[in-house]
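Structure first, then comments.
The numbers here are math on the coordinates, done by the rules we state, and not lab data. Just so it is clear, the model here is predicted, and its values are computed rather than measured. With ideal geometry, Cβ positions are generated from the backbone for all residues, glycine too; neighbour counts draw on all protein chains shown.
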Amino acid sequence: MTEQDGGTGRVRPPVHRWLWYALGGGLPARHRSWVLHDTTTRTWGVRHVARALVQMAIPTALVLALVPAGWALRLAVVGGGIFLGLIFSLAYMAETTEQRVIKAGYAPGTAVRAREAASIVRQREESMRKRAAAQRRAARYQQRAGDR
């Protein structure tokens with residue numbers, strides 16, 4: 001069963017399809033706009049790390065279950081593997097997410113352009129918020145100066 005994302009037309013994939021997607025598989029066309037959202041939303045970096053950890057879960061489980069060594073060595077190997085895997089994953093984060101968007105049927109560069117546009121909007125909103133706060137502070141200062 002799929003779940004609509006707040007009336008936006010984005011269809012969130014069910015868990016089994018998301019796991020396939022996290023492992024690098026493609027999603028059906030109805031999830032196309034969700035893939036773009038997933039790779040361009042404000043939390044796209046966190047989502048990327050979550051997908052990377054899912055990818056590392058299988059080798060981690062195999063090492064913990066099958067390596068004939070003490071638990072300390074197994075945990076050290078798993079910790080080192082996760083650390084190196086995350087470094088590699090973060091180094092290629094933009095390229096990996098762009099490939100997911102291309103696989104969903106978008107033109108190359110779509111995710112980067114969408115993230116840049118969203119960043120500009122966020123910067124403008126932050127600027128307006130700071131400007132309004134400065135105006136409120138100035139009004140309070142003027143009021144206090146007038147009370148003297």
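Filter the trypsin sites (Lys or Arg not before Pro) in the range 1-110 to those in DSSP coil with at most 13 other Cβ atoms within 10 Å of their Cβ, and list the result. Before the final figure, lay out each step's value.
Values: sites: Arg10, Arg17, Arg30, Arg32, Arg42, Arg47, Arg51, Arg74, Arg100, Lys103; in loops: Arg10, Arg42.
Filter output for the range 1-110: Arg42.
What residue among Ser119, Ser33, Ser127 shows peak mean-square fluctuation when the chain is described by a Gaussian network model with Cα springs under 10 Å?
Of Ser119, Ser33, Ser127, the most mobile in the Gaussian network model is Ser127.
Give the Cα extents of the chain along the principal axes, in whole Å, largest first.
For the chain, the Cα extents along the three principal axes come out at 79, 43, 29 Å.
Relative to the longest principal axis of the chain, what angle (0 to 90°, nearest 10) does the C-alpha long axis of helix 93-103 take?
The answer is roughly 80 degrees.
Going by Cα centres, the range 1-80 and the range 86-124 are how many Å apart?
17
Starting at the first residue of the range 43-50, write each ³J(HN,Hα) from the Karplus equation 6.51 cos²θ - 1.76 cosθ + 1.60 with θ = phi - 60°, in whole Hz, x for Gly and Pro.
9, 4, x, 5, 5, 5, 4, 4
What order do you get for His16, His48 when you list them from fewest to most C-beta neighbours inside 10 Å?
Details: His16 8, His48 21.
Ordered from fewest to most neighbouring Cβ atoms within 10 Å, His16, His48 come out as His16, His48.
What ³J(HN,Hα) values, in whole Hz, does the Karplus curve 6.51 cos²θ - 1.76 cosθ + 1.60 give for the range 128-133 when θ = phi - 60°, with x put for Gly and Pro?
These are the phi-based 3J(HN,Hα) values: 5, 4, 5, 5, 5, 5 Hz.
For labels at Arg42 and Lys103 in the simple 7 Å Cα→Cβ model, what's the distance in nm?
My value for the distance between the label points is 2.7 nm.
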